[in-house]
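Q: Got a structure for you, written out below as C-alpha cells; questions coming shortly.
The values are calculated or read from the model by the stated rules, or taken from the named source; none is laboratory data. Here the structure is a predicted model, which means the values were calculated and not measured. Cβ placement follows ideal geometry from the backbone for every residue including glycine, while neighbour counts extend to all protein chains displayed. Calculation scope for accessible area: heavy atoms of the full protein, side chains included, ligands and nucleic acids excluded. Shrake-Rupley method; radii C 1.70, N 1.55, O 1.52, S 1.80 Å.
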Amino acid sequence: MRWWDRKPGQRAQWKLEPLVGVGPLRFGMNPDEVASALDGAIAHISQGLGEGMGWGHYTDRGVTAVYGKDNNLVAVAVDAMDGPLVRLGDIDLIARPPSQVRVELQQLAFRENVSVRVNWSGDPEIEA
C-alpha cells in the first residue's frame, strides 16, 4: 500500500512518555529487546549495532532505533509518512502541519512552565 493511500486508522498509535519511551519501546532497551517489542521486527538497515553508538532502521514499522555507547536505546525516530502516529499528552505529533504542532508544544511548555528550544533540524523540543 502506498503511503498516500493509508488512513490514520491503519497506522499504529503510540504514546510518547518523556524520558521513559515511545509506544512499546523503552529507553535503555538493547537491540534484541527493541526487536521483541516490535513483534520480532528485523532492522533491515543498521550501523554500529553490537559496538554501541549505532542505529537500526525497522523499515516495516517506519521506525529507527538509535543506540548510545552502551548499546542501549537512547532515541527513536519515526517516519512521518509511514511510521506510527505519536501523541504527547493530547498533542498529535505526526501527520500534521509542523506549524500547528509547534504552537501546541509552545502552549504545553507554557502550561508546564518549561522552555521550548529549537533543535538542530529546526523542530521544537521541550525540556523533559
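Q: Are there any pairs, at least 6 apart or on different chains, whose C-beta atoms fall under 7 Å, with the first in the range 102-128 and assigned to a helix (DSSP H, G or I) and the second modelled with pLDDT of 90 or more and of a type outside the set (Val, Ile, Thr), and if so, which?
A: LEU108/GLY89
Q: Could you tell me how many of the residues in the range 98-128 are of a type in the set (Phe, Trp, Tyr) and more than 17 Å from the chain's Cα centre (by Cα)? Break it down into steps so the answer makes sense when it comes.
A: So in the range 98-128, the residues of a type in the set (Phe, Trp, Tyr) come out as 110, 120.
From what's left, more than 17 Å from the chain's Cα centre (by Cα): 110.
Qualifying residue count for the region: 1.
Q: Only one of these conditions is not met by VAL76: (1) assigned to a strand (DSSP E or B); (2) in contact with a helix residue (DSSP H, G or I) (Cβ under 7 Å, 6 or more places away or on another chain); (3) not polar (S, T, N, Q). Which number is it?
A: For VAL76, the exception is condition (2).
Q: Return only the number of the condition from (1) modelled with pLDDT of 95 or more; (2) assigned to a helix (DSSP H, G or I) that LYS15 does not satisfy.
A: With respect to (1) modelled with pLDDT of 95 or more; (2) assigned to a helix (DSSP H, G or I), LYS15 is out only on (2).
Q: Got a number for residues in the range 28-54 being of a type in the set (Ser, Thr, Tyr) and either modelled with pLDDT of 90 or more or touching a Pro at 6+ places or on another chain (Cβ under 7 Å) (or both)? Explain how you work it out, then say what you get.
A: Our first condition is that a residue be of a type in the set (Ser, Thr, Tyr); within the range 28-54, this holds for 36, 46.
Next, from what is left, pick out any that are either modelled with pLDDT of 90 or more or touching a Pro at 6+ places or on another chain (Cβ under 7 Å) (or both): 36.
Result for the range 28-54: 1.
Q: Right, here's the next one. Is it the case that some residue within the range 55-63 is farther than 21 Å from ASP39 by Cβ and either open to solvent by less than 50 Å² (accessible area, probe 1.4 Å) or outside any helix (DSSP H, G or I) (or both)?
A: Taking the range 55-63 as the starting set, the residues that turn out to be farther than 21 Å from ASP39 by Cβ are none.
Checking the range 55-63: not a single residue is farther than 21 Å from ASP39 by Cβ and either open to solvent by less than 50 Å² (accessible area, probe 1.4 Å) or outside any helix (DSSP H, G or I) (or both).
Q: Also: Read through the list (1) farther than 23 Å from GLU125 by Cβ; (2) open to solvent by 40 Å² or more (accessible area, probe 1.4 Å), then give the number of the only condition that LYS15 fails.
A: (1)
Q: State which residue is least open to solvent (accessible area, probe 1.4 Å) when the search covers only the range 80-101 and only residues that are within 23 Å of HIS57 (Cα to Cα) and part of a strand (DSSP E or B).
A: VAL86
Q: (1) modelled with pLDDT under 90; (2) closer than 18 Å to VAL20 by Cβ: which one isn't true of VAL86, the others all being true?
A: (1)
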